[in-house]
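S.K.: Quick one: this structure, given as C-alpha cells, is what I'll be asking you about.
The values are calculated or read from the model by the stated rules, or taken from the named source; none is laboratory data. This one's a predicted model, so the numbers in the text were calculated from it and none came from an experiment. Cβ coordinates were reconstructed from backbone atoms using ideal geometry, including for glycine residues, and neighbour counts include every protein chain displayed. All accessible areas refer to the heavy atoms of the entire protein, side chains included, with ligands and DNA or RNA removed. Shrake-Rupley method; radii C 1.70, N 1.55, O 1.52, S 1.80 Å.
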Amino acid sequence: MYDQTRRKPEKFLGVITAGSLAKGVEARIRTLTPLEKIQTGQFIAVECEGVRFFGLLTDVTLGATSDSVLLDPPYPDDTGSSLLREVLHGVYTYGNAHIQPSLSLQNGEDQPRPVRSVPSHFAPVFIAEEADFEQVFGQENIAENGHKFAVGQPLDMDIDVCLDLERFVERSNGIFGKSGTGKSVLTRLILSGLIRSNTCSNLVFDMHNEYGSVTKGEYSGQQIKGLRDLFGSRVMVYAVRDRRPGDKNREQRATVADGDIVIGMNHIDVEDILLLRNELQLNATAAESAYILQNKFGDRWMETLLNMDGEALKEFCETNGANSNSITALKRKLGAIERMPFVEKNLRSLRVIDDMVAALAAGRHVIVQFGGQDDLLSYMLVANIITRSIHKKYKELTERYKRTQQAQDEPRRVMITIEEAHKFLTPEVAGQTIFGTIAREMRKYYVTLLVVDQRPSSIDSEVLSQIGTRIVALINDERDIDAVFTGVSGSAGLKTVLASLDSRQQALLLGHASPMPVVIRTRPFDEIFYRAITHGQSSLPAFVRPTNGNGHADTEGDDNRESFEEWMKKQDEAQIEKDKADLFG
Ligand SMILES: Nc1ncnc2c1ncn2[C@@H]1O[C@H](COP(=O)(O)OP(=O)(O)O)[C@@H](O)[C@H]1O
Ligand SMILES: [Mg+2]
C-alpha cells in the first residue's frame, strides 16, 4: 500500500521505534525535522505493509543515546556551540513523537476501523495530508441532503474536518471549555448544521439571549447572527419575560417572540422545587414537607401553602405531622417563585408549552429566550417544566410507535441544548431530575441533550459517562479536565493535547460522531458561513406551524429574512405605541 511517491517528502516525520496499543507508540523524529515545528494535536498517518494507521500526535519528548552528552552539554556562550549542537543532534540527541493510534485501514478497504494492533518497527510516520482527512472524516455534504458537516479545520491545514450529524444526535453530547473559548458560538454553528440538514428538531434554553437574534461578538465586535436570522420561521422564539406595564420592563416587552411562556403554580411539581434546592437555600426537611403538601392538595399544593395564614399553617402541621419550621421556611422561599412575572396562580393548561412541544414534534426548532429573566431561578424552573412536558409527550409517542411500527409514527428526534448544564446535573440532583433521566436513558425515546458547560466537574459522573460526542475547548482546572475525559480510553495523551489548545476558537473533538479524536480550529461563524448554510435552503421541506402562542392557527408561510425583519420592526413600533399609552394614559 505504501507508495513512497504518494506522500510529500516534507510530511515525513520519522519511524516507529517502540510502543503498545494501550499506551500508544513512539516514533523517532528524523534529524532534519525541527522539533519546534511539530505540534501536539496533529493528525498522523503511519504506513505499514498492507495497512495504514491513523492517530493523534499527543506528545514530543527529548532523548539522548548517552547520558554523558547531557552531563557536559554545549552552552550558548561556548565557542562553536551551535556547530556542536548540530553535530550531536541526530547522533547523540534526538526527538521522540508520541502517537496514539485510533484507526487502521486495510489494503483494499475504504472504511478505516478502530485499531486492534500497532504499526511495526521502523514503519514510516507522516503528518497527515488532505487525502487522509477525507478518508477519515469525509467531505461536507449537507447541501446535498447528507449529514456530514464541516465544524472546523486542522491546526496546520486548510481542509474541512466533518462531524457526522446523524451519529451526533443519536446520543447526548457535551461542549465544554472555560469562559470565552467559543462554546456558545460553536453551539450555534452545530445547531445551524442540524437545522440545515434537517437531522433533528432543536430546543434551546437560551439563558443569555444569544441564539435567537444577532449579538455582538465579544472580541472582534462583529455581529454574530442568530438562528432565527438565518433560518426564518423554521426557528420559533418563545420568551420568558416580564410583560407587566412599567418603564423598567419596556425593553423586555419589546423582545420579539412567537409566544410568551406563562406557567401556572399548579404545574409546578415538587421535583421542580427540589432542583432549585440550592438556589432557594432549602434544606432537606423543607423538601420533605413539600411532598406532604403535594400528597394532601395535589397540584394545588403551592397555591394552598402560599394562602395559609399562621393559624392554618399550625393546624396543617398538627394534623399531618409536618414540621412547622420547615413548612414556614418553604412558604417564605416559595414567595420568590410566586413573584416571578410569568408565574400565575392557576392555569388550566400549559398551552404555550403544548404548542411548543407540538412544533418540535412537527420538525420545527424552538428557542426559549430569557431576556431580562436570566436569573438562574427562572431559567432552571422554566427549563425543567418544559423538559418534563417533552419527556411525557415523547414517551407517549415512542410507545405508540412501538405498538404500530408504522414509519409515519416514528417520533421526530429532539435535541435539547442547555447552557450552564451543571446546574441541572449535579450529583445531588441528577438522580431525581428530568435532565438526569434524559441524559441516562432518553435516547431510547428520541430525546437527547447537548450540554454546554464551563464546569464539567460539577456534572454527575454517570451522566458524563453517557456523553457520546465531546467537543472540548481549553480548560485549566484539573478537576474539570478529568471530568471531561470520564469514560474515555487513552485520555492521558488527550489531556496533553487539550492543555496545548489556544484559549479561543480551538477544540478537541472526540467520541461517537467523530471517527477519531482530532483538534480543530472552529469554523468561523461569519458572512461566508451564513451564505454557505442558507444556500439552497428553500428546497428543504417547510413545516406548517401548528399554532402561534395564542393558540390560533398561524397561516404565515416559511418567511425569508426580510419579512422577519419587517415583522420585528412592526412589533417594535406597536410596542412603543403601547408603552406611550401605558405612560400617558
Ligand atoms: N467560530 C467563531 N466564529 C467567530 N467568532 C467566534 C467563534 N467562536 C468564538 N468567537 C468569538 O469569541 C467570542 C466568545 O465566544 P463564546 O462562544 O461566547 O464563548 P463561551 O460561550 O465559551 O464563553 C464571541 O463573542 C466571538 O467574538
Ligand atoms: Mg457562552
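S.K.: Set the Förster radius R0 to 25 Å, insert the Cβ-Cβ distance between GLN281 and GLU478 as r into 1/(1 + (r/R0)^6), and round the FRET efficiency to 0.05.
M.R.: Taking R0 as 25 Å, the efficiency between GLN281 and GLU478 is 0.30.
S.K.: Once Rh is set to the Kirkwood radius over Cα pairs, what Stokes-Einstein translational diffusion coefficient, in µm²/s, holds for the stretch 4-64 at a temperature of 20 °C and a viscosity of 1.002 mPa s?
M.R.: 168 µm²/s
S.K.: Pick out, from LEU105, VAL352, ALA513, the residue whose Cα sits farthest towards the positive end of the charge dipole of the chain, with +1 on the Cβ of Lys and Arg and -1 on the Cβ of Asp and Glu.
M.R.: The one lying farthest along the dipole's positive direction is VAL352.
S.K.: Go through 135-142, 331-338 and give me the packing order, highest mean Cβ count within 10 Å leading.
M.R.: Ranking the peptides 135-142, 331-338 by packing returns 135-142, 331-338.
S.K.: Pairing the Cα long axis of helix 310-320 with the longest principal axis of the chain, what angle in degrees results, from 0 to 90 and rounded to the nearest 10?
M.R.: 70 degrees
S.K.: What distance in nm separates the simple spin-label points at GLU130 and SER489, each placed 7 Å from Cα in the Cβ direction?
M.R.: Taking the simple label geometry, GLU130 and SER489 are separated by 3.5 nm.
S.K.: Set the Förster distance to 56 Å, then compute FRET efficiency between GLU399 and TYR75 from the Cβ-Cβ distance, nearest 0.05. Don't skip to the end; give the middle numbers.
M.R.: Numbers: r = 76 Å, r/R0 = 1.36.
Computed FRET efficiency for GLU399 and TYR75: 0.15.
S.K.: Keeping every protein chain in place, order SER102, SER82, SER233 by accessible area at 1.4 Å, biggest value first, i.e. largest first.
M.R.: Of SER102, SER82, SER233, the descending order of accessible area is SER82, SER102, SER233.
S.K.: Probe 1.4 Å, all protein chains in place: accessible area of PHE122 in Å², nearest 10?
M.R.: 140 Å²
S.K.: What does the charge count near THR448 come to, summing +1 for each Lys or Arg and -1 for each Asp or Glu among other residues with Cβ under 12 Å from its Cβ?
M.R.: Its environment carries a net charge of +4.
S.K.: Given H placed on each backbone N at 1.01 Å, which residues far from THR417 in sequence or on other chains put an amide H within less than 5 Å of it?
M.R.: LEU203, VAL204, PHE205, LEU450
S.K.: Now, a different point. When 1/r is averaged over all different Cα pairs and the result inverted, which Kirkwood radius in Å belongs to the stretch 1-158?
M.R.: Roughly 17.3 Å, rounded to one decimal.
S.K.: May I ask you to derive the FRET efficiency for ASN141 and THR319 from their Cβ-Cβ distance with R0 = 60 Å, giving the value to the nearest 0.05?
M.R.: 0.35
S.K.: Subtracting the Cα-Cα distance from 0.36 nm times the residue separation, let me have the gained length for LEU62 to SER120 in nm, one decimal.
M.R.: Between LEU62 and SER120, full extension yields 18.7 nm more.
S.K.: Subtract the Cα-Cα distance of ARG339 and GLN111 from 0.36 nm times their separation in residues, and report this length gain in nm to one decimal.
M.R.: 76.2 nm
S.K.: So, one more: Over the stretch 293-388, one equal point on each Cα, no solvent: what is log10 I(q)/I(0) by the Debye formula at q = 0.15, 0.17, 0.20, 0.21 Å⁻¹?
M.R.: Each listed q corresponds, in turn, to -0.74, -0.88, -1.07, -1.13.
S.K.: Also, I was wondering about something else. Pull out a ≥ b ≥ c, the square roots of the eigenvalues of the alpha-carbon gyration tensor of the stretch 156-258, then state rounded if a/c is under 1.5, prolate if not and a/b is larger than b/c, and oblate in the remaining case.
M.R.: Since a/c reaches 1.5 and a/b is larger than b/c, the shape of the stretch 156-258 is classed as prolate.
S.K.: Trypsin sites (Lys or Arg not before Pro) within the stretch 15-79: which are DSSP loop residues with at most 11 other Cβ atoms inside 10 Å?
M.R.: Within the stretch 15-79, no trypsin sites (Lys or Arg not before Pro) qualify (loop, at most 11 other Cβ atoms within 10 Å).
S.K.: Over the stretch 339-420, what percent of the accessible surface lies on carbon and sulfur atoms, probe 1.4 Å?
M.R.: Carbon and sulfur atoms account for 42 percent of the accessible area of the stretch 339-420.
S.K.: So how long is each side of the stretch 263-345 along the principal axes, counting just the alpha-carbon atoms, biggest first, in Å?
M.R.: Reported extents, whole Å, longest axis first: 33, 24, 20.
S.K.: Counting other Cβ atoms within 10 Å, keep those with at most 12, restrict to DSSP loop, and tell me which chymotrypsin sites (Phe, Trp or Tyr not before Pro) in the stretch 211-286 are left.
M.R.: Answer by residue number: TYR219.
S.K.: Given a 1.4 Å probe, how much area per residue of the chain is accessible, in Å²?
M.R.: Ligands and nucleic acids excluded, the figure is 46 Å² per residue.
S.K.: May I ask you to compute the full-extension gain from ARG531 to ALA22, defined as 0.36 nm times their residue separation minus their alpha-carbon distance, rounded to one decimal in nm? If you can, show how the numbers build up before the last one.
M.R.: Values: separation 509, 0.36 × 509 = 183.24 nm, distance 4.43 nm.
Length difference between fully extended and current span is 178.8 nm.
S.K.: Once every Cα of the chain carries one equal point scatterer and solvent is ignored, give the base-10 log of I(q)/I(0) from the Debye formula at q = 0.06, 0.09 Å⁻¹, two decimals.
M.R.: Taken in order of the listed q values, log10 I(q)/I(0) reads -0.39, -0.78.
S.K.: Further question: Test of understanding: extend the Cα→C-beta vector of TYR219 to 7 Å, then name every residue of the stretch 436-479 with backbone N under 18 Å from that spot.
M.R.: Label zone hits: 454, 472-476.
S.K.: What residues from the stretch 134-161 fall in the zone where the backbone N is under 15 Å from a label point 7 Å along the Cα-to-C-beta line of GLU10?
M.R.: Hits in the stretch 134-161 for GLU10 at 15 Å: 156-158.
S.K.: So, one more: Compute the angle between helix 351-361 and the longest alpha-carbon principal axis of the chain, please, reported from 0 to 90 degrees and rounded to the nearest 10.
M.R.: On a 0 to 90 degree scale, this one is about 30.
S.K.: Counting DSSP beta bridges with both partners in the chain, what percentage is antiparallel, nearest 5?
M.R.: DSSP beta bridges in the chain are roughly 60 percent antiparallel.
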